[in-house]
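A.B. asks: One structure follows; several queries about it will come next.
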Amino acid sequence: MIGVEIDGRSAQAPEGTTVLLAAAAAGLPLTGNVGCMGQGVCGACRALVRRDGAATAETVLACETRAEDGMRVSFLDRFTLPRQAPYDETALADGWAAYERMLELFPNAQNCRHCSGCDRACPKGLSVQTGVMQATSGDFGAAAETFALCVMCNLCAAACPESIAPNHVGLFARRALAASQRPTDLIRRLHQIVTGAMAVETTP
Amino acid sequence: MDALTRDQLAIEPARVLTAPDLLVGSSLPGWHAAGGGIGLRRALEDRAGIIGVLERAGLRGLGGAGFPTHRKWEAVAAQPGPEKVVVCNGNEDEPGTFKDRFLLGRTPHQVIEGALIAALAVGARQVVMYVNPHLGSVLPTVAEAVAAWRADPVLLELAAALGGPVTLEARASSGRYIGGEETAVVAWLEGSFPFPRRKPPFPAESGVHGKPTLINNAETLAHVPHILRHGAAWFRSRGRGGAPGTKLFSLSGDVQRPGLYELPMGTPLAELIEEHGGGMLMGRAFKAVFTGGPSNTLLTADHLDVPLDFDSVRARGSRLGTGAMIVVSEGTSIPRRVTEFVEFFAESSCGQCPPCKTGTYQLATLLHRIDSGHGTRADLDSIRQLCGLLPGSGRCGLIDGAVTVVASSLERFGAEYESMLRG
Ligand SMILES: Cc1cc2nc3c(=O)[nH]c(=O)nc-3n(C[C@H](O)[C@H](O)[C@H](O)COP(=O)(O)O)c2cc1C
Ligand code: SF4
Ligand code: SF4
């Protein structure tokens, strides 16, 4: 067994478990900070951890981080953006319109200070700063690729001193790309369904 | 608030930096008439002796850390080559500190003369007055004062002593709080955003464009010409109880007369509040003081007798900091004040260290929840956890300052937090 301290509570957990499972074992309420329960896709279990003897704390996803003896953990609350970025996905098929809309929705994205706070904050290890640059230079394809594994944990948005919401810039790029160019396997499958080449069972 | 313009000021003893005849604004003849220039003259006469005088005087950095000034000067003086820089830090943006703006706006020449003496002592030919542009007429006043010095022949003597022309300029800082941190000062003067950098190297070894750079607070430099003029023993005798010199105290909060007070170093806290601040507002009881600004440990009623000097305040587990004293009376909420301060730190965090930006935001969120009556015991536990895991996670002192004030308020006013919990 290992001992960890999570949000002010001491917990014992078997070796090899994740921080999230350790939190569950400690009887902490798994409400605000859990969505997909350990699959690494929802980004809700964002946390600061400090490993025993480490010089600094770091930002992680609790479900993807192995609990270690002497580790200290602080879950981070849901982080709401100062403002919303509403847009109509179907209007993004035209590259020109999409680019203008992005500049309008994320004016700060052009003010990136290149502090790398977002890169260091990203628990998935994405090159967030580069992705923002790619999007602002109009290369939605490259930006979508850079943000492909983004789970919208919002840690980069919380870290960014310019309130750029880099992950939302990334999401916009992914949607803009999808609006004009759906993935080929998806198009083929949809085509098969629509033309009847593939039978689809529907429950009554 | 500027208590120094009040007549009560005239009866205060031992004023070195704020004596009425020194408040000449940008007028260089006015400064000379008040004895200005003599310190620099002495420095030119005995250049090698400058640092020793400061050491005997016991001058310490008044920008917050209290680092012995002569040691910093020695470190820069020991670096080889003539390409060195002296920077006067006049960025001042911390809530509750309002001393440098007074010095730079009302009596800037002593600060500039101090910076020129520093240049002579460490062998620097570039002198920069780095000033927050958001302080009304302060920056224009400094710029005028600098222009007056540039036309003064003494700069030629300085150049002769230093073996080349001396540049003296006033530069606007970003005005951001973080821009006052010494490595952020360096970054800004290099033309970048004021992001603090990892230390080492310290600016004394590698500062502006890699040149050894001496960075001192405006109040620290202001003392220098007076020390050279009147001597180390004189400076030491300005203080009380063995502490040397005087200190500008930015007194604010629940007192009758908030304002700026220059008092002997070592003046007891109670005396500052009662005699100078006119006592507590509306006769309320004293509750606590945020010592040295919003990033330090709180002192409570048991500590009213503490002499306000670096060592005595430290002996009580706190720090003199910038000399800001933010007084809180019974009836004023400690969690509310702490929440406001932490929100300031979260906003001011430059973001390059994620634990700092996210951690201070999380602290602010939890504190705000408690302050607004929605907090639970779990929130308080989470705050304690953050106080344990955050320190040391940033490149600069901002994150640790934020944690210090939270942890100290929990230690001394835990019951007040507890009483506000919902469940
Ligand atoms: C976040 C932060 C902000 C600071 N702001 C200032 C400031 O506005 N003015 C200042 O003189 N020192 C400021 N300091 C302290 C400087 O880093 C440096 O220690 C000081 O200018 C040295 O001068 P001194 O030795 O004369 O005290 C700040 C430090 C930190 C960590
Ligand atoms: S955190 Fe914001 S400002 Fe910093 S590099 Fe990332 S996008 Fe740019
Ligand atoms: S500790 Fe905070 S304010 Fe200091 S450099 Fe890091 S992010 Fe910026």
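A.B. asks: What does the accessible area of A:His168 come to, in Å² to the nearest 10, when a probe of 1.4 Å is used?
C.D. replies: So the heavy atoms of A:His168 present about 50 Å² to solvent.
A.B. asks: For a quick check, take a GNM of chain B with Cα springs below 10 Å and name the residue from B:Gly64, B:Gly392, B:Gly259 with the largest mean-square fluctuation.
C.D. replies: Of the options given, B:Gly392 has the highest mean-square fluctuation.
A.B. asks: Another question about this same structure. Using the crude model of +1 on Lys and Arg Cβ and -1 on Asp and Glu Cβ, and no other charge, please compute the dipole size for chain A relative to its Cα centre, in debye to 20.
C.D. replies: 60
A.B. asks: Can you pull out the cysteines in chain A that have no other Cys Cβ under 4.7 Å?
C.D. replies: Singleton cysteines: A:Cys45, A:Cys63, A:Cys112, A:Cys115, A:Cys122, A:Cys150, A:Cys153, A:Cys160.
A.B. asks: Can you give the FRET efficiency to the nearest 0.05 for A:Asp94 and A:Glu68, using r as the Cβ-Cβ distance and R₀ = 60 Å?
C.D. replies: Taking R0 as 60 Å, the efficiency between A:Asp94 and A:Glu68 is 0.75.
A.B. asks: Then there's this: How much length, in nm to one decimal, is gained on full extension between A:Ala54 and A:Glu145, taken as 0.36 nm per residue of separation minus their Cα-Cα distance?
C.D. replies: 29.5 nm
A.B. asks: Over region A:89-195, what is the relative contact order in percent, taking alpha-carbon pairs closer than 8 angstrom and at least six residues apart?
C.D. replies: So the answer I get is 32 percent.
A.B. asks: Restricting the count to DSSP beta bridges whose residues both fall in region B:6-237, what percent are antiparallel, rounded to a multiple of 5?
C.D. replies: Bridges in region B:6-237 that DSSP calls antiparallel: roughly 5 percent.
A.B. asks: Over chain B, with a Gaussian network built from C-alpha contacts below 10 Å, which listed residue (B:Leu390, B:Leu363, B:Leu17) shows the highest mean-square fluctuation?
C.D. replies: Checking each option, the largest mean-square fluctuation is seen for B:Leu390.
A.B. asks: Taking C-beta distances below 4.7 angstrom as the pairing criterion, name the unpartnered cysteines of chain B, in sequence order.
C.D. replies: B:Cys88, B:Cys350, B:Cys387, B:Cys396
A.B. asks: For chain B, compute Rg over Rh where Rg is the Cα radius of gyration and Rh is the Kirkwood radius from the inverse mean 1/r over Cα pairs.
C.D. replies: 0.98
A.B. asks: So, one more: How many nm is it between the label spots at A:Met152 and B:Glu274, if each spot is 7 Å from the Cα in line with the beta carbon?
C.D. replies: Those two pseudo-labels are separated by 6.2 nm.
A.B. asks: Tell me the relative contact order for chain B as a rounded percent, counting alpha carbon contacts under 8 Å between residues six or more apart.
C.D. replies: Relative contact order for chain B comes out at 17 percent.
A.B. asks: Across 5 Å bins from the origin, how do the percents of Cα pairs in region B:277-423 run, short distances first?
C.D. replies: Taking every Cα pair in region B:277-423, the percentages come to 2, 10, 20, 21, 20, 15, 9, 3, 1, 0.
A.B. asks: Right, something else. Can you give me the Kirkwood hydrodynamic radius for region B:246-329, using every pair of distinct Cα atoms, in Å to one decimal?
C.D. replies: Radius from the Kirkwood sum: 12.1 Å.
A.B. asks: Can you work out the base-10 log of I(q)/I(0) for the protein assembly as shown at q = 0.10 1/Å, using the Debye formula on its C-alpha atoms alone?
C.D. replies: Ignoring solvent entirely, the Cα scatterers give -0.96.
A.B. asks: If you don't mind, there's one more thing I want to ask. Can you tell me the relative contact order of region B:349-412? Whole percent, Cα pairs under 8 Å, sequence separation 6 or more.
C.D. replies: 33
A.B. asks: While we're looking at this one, here's another question. Among B:Met282, B:Met325, B:Met265, which one shows the biggest mean-square fluctuation in a GNM of chain B, springs joining Cα atoms closer than 10 Å?
C.D. replies: B:Met282
A.B. asks: Quick check: from the Cα gyration tensor, does region B:205-355 come out rounded (a/c under 1.5), prolate or oblate?
C.D. replies: Note, shape of region B:205-355 comes out oblate.
A.B. asks: Would you mind getting me the FRET efficiency between B:Ala147 and A:Tyr87? Use the beta-carbon distance for r and R0 = 45 Å, nearest 0.05.
C.D. replies: E(calc), rounded to 0.05, equals 0.25.
A.B. asks: By how many degrees, between 0 and 90 and to the nearest 10, does the Cα long axis of helix B:334-348 differ from the longest principal axis of chain B?
C.D. replies: Approximately 50 degrees, to the nearest ten.
A.B. asks: Per-residue accessible area for A:Thr195 at 1.4 Å probe radius, Å² rounded to 10?
C.D. replies: Per-residue accessible area (A:Thr195): approximately 90 Å².
A.B. asks: Here's something else I'd like to know. Could you state, as a whole-number percent, how many of the C-alpha pairs of region A:1-92 are farther apart than 21 Å?
C.D. replies: Counting every Cα pair in region A:1-92, those more than 21 Å apart make up 34 percent.
A.B. asks: Could you state the per residue volume, in Å³, of the convex hull enclosing the Cα atoms of chain A?
C.D. replies: 165
A.B. asks: Turning to a different aspect of this structure: Once the Cα atoms of helix B:218-230 and of chain B are each reduced to a long axis, what angle between those two axes, in degrees from 0 to 90 to the nearest 10, is obtained?
C.D. replies: The two axes meet at around 50 degrees.
A.B. asks: With the cut-off at 19 Å, report for region A:89-195 the share of all Cα pairs above it, as a whole percent.
C.D. replies: 43
A.B. asks: Which residues of region A:40-79 bury at least 50 Å² of accessible area once all protein chains are present, versus their chain alone (1.4 Å probe)?
C.D. replies: Residues of region A:40-79 that lose at least 50 Å² of accessible area once the other chains are added: A:Leu48, A:Arg50, A:Arg72, A:Ser74, A:Asp77.
A.B. asks: For B:Lys199, B:Lys84, give the ranking by accessible area with the largest first, probe 1.4 Å.
C.D. replies: Sorted by accessible area, descending: B:Lys199, B:Lys84.
A.B. asks: Evaluate E = 1/(1 + (r/R0)^6) for B:Asp381 and B:Glu330, where r is the Cβ-Cβ distance and R0 equals 30 Å; express this FRET efficiency to the nearest 0.05.
C.D. replies: 0.65
A.B. asks: Find the centroid of the Cα atoms in region B:341-363 and in region B:182-242, then give the distance between the two in whole Å.
C.D. replies: Taking the Cα centre of each part, region B:341-363 and region B:182-242 sit 26 Å apart.
A.B. asks: Using modelled amide H (1.01 Å from N, peptide plane; none on Pro or chain starts), what sits under 5 Å from the amide H of B:Arg171, excluding residues fewer than 5 places away?
C.D. replies: Amide H neighbours of B:Arg171, under 5 Å, 5+ apart: B:Met129, B:Tyr130, B:Val131.
A.B. asks: Taking a probe of 1.4 angstrom, what is the accessible area of B:Arg125 in Å², to the nearest 10?
C.D. replies: B:Arg125 has an accessible surface of roughly 50 Å² with all protein chains in place.
A.B. asks: I've got another one for you. Once the Cα atoms of helix B:138-150 and of chain B are each reduced to a long axis, what angle between those two axes, in degrees from 0 to 90 to the nearest 10, is obtained?
C.D. replies: That works out to roughly 20 degrees.
A.B. asks: Could you rank B:Thr141, A:Thr202 by how accessible they are, 1.4 Å probe, largest area first?
C.D. replies: A:Thr202, B:Thr141
A.B. asks: Using the reciprocal of the averaged 1/r over all distinct C-alpha pairs, how large is the Kirkwood radius of region B:319-394 in Å?
C.D. replies: 13.5
A.B. asks: Only four residue types carry charge here, +1 at the Cβ of Lys and Arg and -1 at the Cβ of Asp and Glu. Report the dipole size of the protein assembly as shown about the Cα centre in Debye, rounded to the nearest 20.
C.D. replies: So the magnitude is around 560 debye.
A.B. asks: Let me ask something else. I'd like the antiparallel share, as a percent to the nearest 5, of DSSP beta bridges with both residues in the protein assembly as shown.
C.D. replies: Looking only at bridges with both residues in the protein assembly as shown, the antiparallel portion is about 60 percent.
A.B. asks: Around B:Asn217, which amide H atoms from residues at least 5 apart in sequence, or from another chain, sit under 5 Å from its own amide H, with H modelled in the peptide plane?
C.D. replies: Result for B:Asn217 returns B:Leu62, B:Gly63, B:Asn89.
A.B. asks: On to the next question. With every protein chain kept in the model, how would you rank B:Lys211, B:Lys357 by accessible area, 1.4 Å probe, largest at the top?
C.D. replies: B:Lys211, B:Lys357
A.B. asks: Another question about this same structure. Give the aspartates and glutamates whose C-alpha is closer than 17 Å to that of A:Lys124, dropping any in the same chain fewer than 8 places away, or say none.
C.D. replies: A:Glu58, A:Glu64, A:Glu145
A.B. asks: Taking chain B, how many lysine pairs are there with alpha carbons less than 24 Å apart, if each pair must be eight or more places apart or span two chains?
C.D. replies: For chain B, qualifying lysine pairs total 11.
A.B. asks: Okay, next question. Give the long-range amide H neighbours of B:Thr246: residues separated by 5 or more places, or on another chain, with amide H under 5 Å away, using H modelled in the peptide plane at 1.01 Å from N.
C.D. replies: B:Met265
A.B. asks: Now for a separate question. Which three extents, in whole angstrom, do the alpha-carbon atoms of region B:101-218 cover along their principal axes, largest first?
C.D. replies: Reported extents, whole Å, longest axis first: 39, 34, 19.
The values are calculated or read from the model by the stated rules, or taken from the named source; none is laboratory data. Since the structure is predicted, the reported quantities are computational estimates derived from the model, not experimental observations. Note that each Cβ is placed from the backbone with ideal geometry, even for glycine, and that neighbours are counted across all protein chains shown. What goes into the accessible areas is simple: the full protein's heavy atoms, side chains included, and nothing from ligands, DNA or RNA. Shrake-Rupley method; radii C 1.70, N 1.55, O 1.52, S 1.80 Å.
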